[in-house]
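Here is the structure we will look at.
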């Protein structure tokens with residue numbers, strides 16, 4: 001983010017952070033915090049590094065409402081006033097419109113629910129980090145690529161996504177053992193129908209396409225138990241270590 005912010009300042013550009021899956025995550029290049037499953041760096045928080053930060057409170061997120069919800073944050077007074085207008089049909093004064101806006105006000109009931117849950121967010125994120133650290137420890141020595149956490153970052157593991165060849169076969173094995181898994185996301189952006197007019201196709205972004213074939217997200221939520229994490233990890237490792245036989 002530091003190099004991106006420097007480029008933005010140089011060219012007088014605004015940075016909008018998509019922090020939808022990263023609420024509570026930290027970024028501090030000056031720190032040495034590691035993924036010990038407990039500590040979170042006390043550096044800058046995701047969503048607070050650019051000019052605007054966008055957060056999702058969809059029910060599956062680390063901080064989820066009981067329906068669709070989200071916020072945009074900023075420290076810029078001018079941007080704040082414009083955002084307030086844009087969320088209310090582009091109106092600063094009722095029935096007088098300065099912009100083409102939308103109806104995007106956070107429902108009061110959702111806000112009340114989120115305020116209660118917000119008090120628990122830090123402990124929930126710490127628990128996610130604990131399970132991520134255990135996954136990493138248990139999957140060592142296998143052919144599974146696990147998430148990397150830079151020493152200056154504090155990951156909040158909205159998902160715990162591994163990469164492995166024969167991903168679909170692993171997903172089937174996990175399903176047979178009543179273990180849920182998910183592919184986020186099954187099709188690269190440049191291969192989506194909506195972007196076909198760009199003239200892009202298979203082979204244009206080979207690394208993205210390789211990831212598309214290999215990524216699989218394992219169960220990750222604060223209410224997991226150590227027994228469950230060990231069961232999932234052992235199943236994944238068993239599959240990975242049998243790869244030579246399958247080939």
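Worth a mention:
- Screening the stretch 173-212 for residues that are assigned to a helix (DSSP H, G or I) and under 19 Å from the mean Cα position of the chain (by Cα) and picking the one that is farthest from residue 155 (Cα to Cα) gives 189.
- Filter pass, residue 224 being without any contact (Cβ under 8 Å) to a residue 40 or more places away in the chain, part of a loop (DSSP other than H, G, I, E, B) and closer than 25 Å to residue 21 by Cα: no
- Those residues of the stretch 86-100 which are under 23 Å from residue 50 (Cα atoms) and in a loop (DSSP other than H, G, I, E, B), in sequence order: 87
- Residue in the stretch 130-151 that is in the same structural domain as residue 25 (by TED's automatic domain parsing) and in a helix (DSSP H, G or I) present: no
Residues are listed down the side, and each one gets a yes or a no for (1) part of a loop (DSSP other than H, G, I, E, B); (2) closer than 25 Å to residue 99 by Cβ; (3) at pLDDT below 90:
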| residue | (1), (2), (3) |
| --- | --- |
| 32 | yes, no, yes |
| 37 | yes, no, yes |
| 42 | yes, no, yes |
| 58 | yes, no, no |
| 72 | no, yes, no |
| 84 | no, yes, no |
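- Residue within the stretch 138-148 that is surrounded by fewer than 12 Cβ atoms within 10 Å (Cβ to Cβ), in contact with a strand residue (DSSP E or B) (Cβ under 8 Å, 6 or more places away or on another chain), modelled with pLDDT under 95 and closer than 22 Å to residue 21 by Cα present: no
The values are calculated or read from the model by the stated rules, or taken from the named source; none is laboratory data. Since this is a predicted model, take the numbers as computed values, not measurements. Note that each Cβ is placed from the backbone with ideal geometry, even for glycine, and that neighbours are counted across all protein chains shown.
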